Amino acid sequence: LSHNNLTEIPEGLPPSLLILHLGRNRIAGVREGSLSAARGLQYLLLHNNRLTADGIQPGAFDKLRHLHTLHVFGNRLSRVPPNLPRRLRSLMLLHNRIESLGPSDFVNGYFLSELNLSYNLLRSARVHRLAFRKLRRLRSLDLSGNRLTLLPLGLPSGLQDLRAQHNHISRLSPRRLAGLHALGQLHLDHNSLTIAGLAPGSWQELSSLKLLDLGYNQLSYVPPDLPENLENLYLQHNRIVTITPDSFISTPNLRVLLLRSNRLTVVGTAQAAFSSLHQLQVLDLTGNPEHISIRLDSTTWAPGNGTARGHSPPR
């Protein structure tokens, strides 16, 4: 029923219905009882409509005990819909107008594993420290494209993928990343991070981190004490002026290292910094002020192709 001119959810839905696709209509609300007949519903797709927070009545989803996927992105929601289904595993709230997260917004989210809140209007001061406390099974959280200046407190310890790019984050501290031992990917590109804003020990609990994206920030050198298990480090489009012999001493397992479009020179780039990176497959130094060649084992890297050992760097 997508791509029509529906203004409300149709009546008389069969109880055997598993997937209801109502995307790209003109639906402004969900009345209590309008979905009660579709008790077996598992997927409810309401994206790109005209839904508002007041238009979704408190008991709208009460009968949907089997619903595990809810798409309400691309609407006009100013807050998280109330009384979300308890079995929900995937919740897509991106591209709305959500300004705050309260302590009870996800109180029914015990089974939630994927939550996308990207491209809303979230500010750090209006994200409650207990907003995520019930999300013990959450594995993927997308907060990109908001107005955050800090990562939220109380992030779920089981997170594996955290995306907070395209915000205004200027500082990190151990408290903000506490307990994230399972985190494998952290995307912080396109923010306002500086070296002074990275508190000592910020990365100390990220023992599983494999990918760290710090591209498009304001870093003047490689952050120290990065996680030992890191394999992908993206530092492109920063203000890095020097690479010291100890720049990568804490990250011997790097496979991909992006340093393109910084302010590196031949004199400011220590060849010894790369000598211990025996796993390195991709090294990108293109776009710096000077032509820099780095010798890796028996391979000489030349910035003409931006790669070492025959691999192409990700964009």
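How much length is gained on full extension from Y110 to S124, taking 0.36 nm per residue of separation minus their Cα-Cα distance?
Gain in length upon complete extension: 2.7 nm.
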**Prompt:** Taking square-rooted eigenvalues a ≥ b ≥ c of the alpha carbon gyration tensor, is the stretch 1-97 rounded, prolate or oblate, where a/c under 1.5 means rounded and, failing that, a/b exceeding b/c means prolate?
**Reply:** rounded
**Fill in**
Amide H proximity to L198 below 5 Å, modelled H, separation 5+ or other chain, gives L172
**Request:** Using label points projected 7 Å from each Cα along Cα→Cβ, tell me how many nm separate S78 and A270, to one decimal.
**Result:** 5.5
**Prompt:** What shape does the chain have by the C-alpha gyration tensor, where a ≥ b ≥ c are the square roots of the eigenvalues, rounded means a/c under 1.5, and otherwise prolate means a/b greater than b/c and oblate the rest?
**Reply:** prolate
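Taking loop as defined by DSSP and a crowding limit of 16 other beta carbons within 10 Å, which GluC sites (Glu not before Pro) in the stretch 200-249 fit? Kindly include the intermediate steps, with their values, before the conclusion.
On the way: sites: E205, E228, E231; in loops: E205, E228, E231.
The qualifying sites are E228.
Each reported figure results from applying straightforward, stated rules to the coordinates on display, with no laboratory input. As the structure is a computational prediction, the values presented were derived from the model and not from experiment. Methodologically, a virtual Cβ is constructed for each residue, glycine included, from the backbone with ideal geometry; neighbour enumeration extends over all protein chains shown.
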